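Notes to accompany the following structure.
Every read-out reported here was derived from the displayed coordinates using simple, explicitly stated rules and does not represent laboratory data. Only a predicted model underlies this, so the values are computations on that prediction, with no experimental measurement involved. Cβ sites come from the backbone with ideal geometry, for glycine too, and all protein chains shown count toward neighbours.
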Amino acid sequence: MAALFEEATINGMTLRNRMVRSATWEGMCDPDGRPTQKLINFYHNLAKGGIGLIISGYTFVRPEGKQLPGKMGIYTDDFKDDFIKLVNTVHNAGGKIAVQLVHAGGQADSANAGRQPLAPSSVQVVQFPEVPAELTKDEIGNIVKAFADAAGRAKAYGFDAVQLHSAHGYLINQFLSPLTNRRNDEYGGSIENRSRFLFEVYRLVRRTVGNDYPVLIKLNAADNLDGGFEIDDALYVAEKLSQIGIDAIEVSAGTRASGEKTPARSKINKPENEAYNLEFATRIKKVVKCPVMVVGGIRSYEIAEKAIKNNGMDYISMSRPLIREPDLPTRWMQGDHSPAKCISCNSCFMPGLNEGGIYCVTEKKELEKAAKGHGS
């Protein structure tokens, strides 16, 4: 039976434990997507803290696929030396790192994308900041190639794996969802057609990096939106991906428009509110042969262990707790099994927009309060 703190392997990538840092936008890159020393230091602290695998913040594969400021980009070789430095820093601290590849599609806006955003269909939905332009077939082909080129760069730069972002309302997810995909050609309609873009991306990425390089995916099990992507379609997609060689599936759910069921929920203040995607992940695990990761509100050591031992998860992913406590894996491994200190307030997001990088705002306030009390 698997355990949280045992070595594990994904297609030749050996990890020191089964804890994964799920992809998180850090807001620490230059405007063109070049990683900065601040970001490199951030990843160094994560690796030093004992996490098995770091999945980078979502990294755009084409300039018009950029969503937020400070987002990382891997659409050019101009940043090669910076990426190699980043990877080497993680490796020297004993860690492994995958780069998450994304195109924001209709969730981008003109200011960040530099043009009218692109999407499967030109529709106005609540998660799109403006009406996007409908992708032509030529543009679809160009974006498929951009994913593959980005994966090739990642492998050349020394990243240990790549992860395709097919969740949270971004472009691949937009193709999968009938809410955002209203096309009448071979990319729209049935789930077989709506998943065509994803499978084209995966197959060209695989052809580019080879069979012995880990290719992972973050997959929405459901959009948690009326008329959106649902679990039955996700089961079809996951099973098909497993059959054609995906190396691991990280299960998430929700979009920015999903109300209380967004990907990063608040009010995770008791064990029964944790691991809110575990039921979805357990269902997906039953139809695939590849490893499955579950992300979403894991705060307790006991919940993490149960997800592996009782639900058959191969890995547990977390993000916000590691913003406050990058050394949480080491703390748990050394026997301090008290829950993560993260209170799921989501305040860490705002400094990424306003101060050039995310951090735990709650911790900062607590330290400032303590300092004032000590000085009085």
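Worth a mention:
- Cα lying deepest toward the dipole's positive end in segment 8-375, options Ala238, Ala307, Val294, charges on Cβ: Ala307
- Rounded to the nearest 500, the 222 nm mean residue ellipticity of the chain from helices alone is -10500 deg cm²/dmol, with -39,500 (n - 2.57) taken per DSSP H run of at least 4 residues.
- Relative frequency of Cα-Cα separations exceeding 40 Å in the chain, percent: 8
- Considering only the Cα atoms of segment 238-376, their convex hull presents on average a projected area of 10.9 nm².
- Based on C-alpha pairs under 8 angstrom that are at least 6 apart in sequence, segment 8-375 has a relative contact order of 16 percent.
- The label-point distance for Asp232 and His91, in a model that sets each label 7 Å from Cα toward Cβ, rounds to 4.7 nm.
- Measuring between their Cα centroids, segment 226-247 and segment 1-42 lie 24 Å from each other.
- Note on Glu302 and Lys267: with the Förster distance fixed at 22 Å, the Cβ-Cβ geometry gives a FRET efficiency of about 0.70.
- Centre separation in Å (Cα based) which lies between segment 84-131 and segment 147-202: 12
- Ranked packing of 214-220, 294-300, 36-42, 274-280, most packed first, by mean Cβ within 10 Å: 214-220, 294-300, 274-280, 36-42
- Under the simplified labelling scheme, the Ala133-Ala3 pair shows an inter-label distance of 5.7 nm, with each label point 7 Å from Cα along Cα→Cβ.
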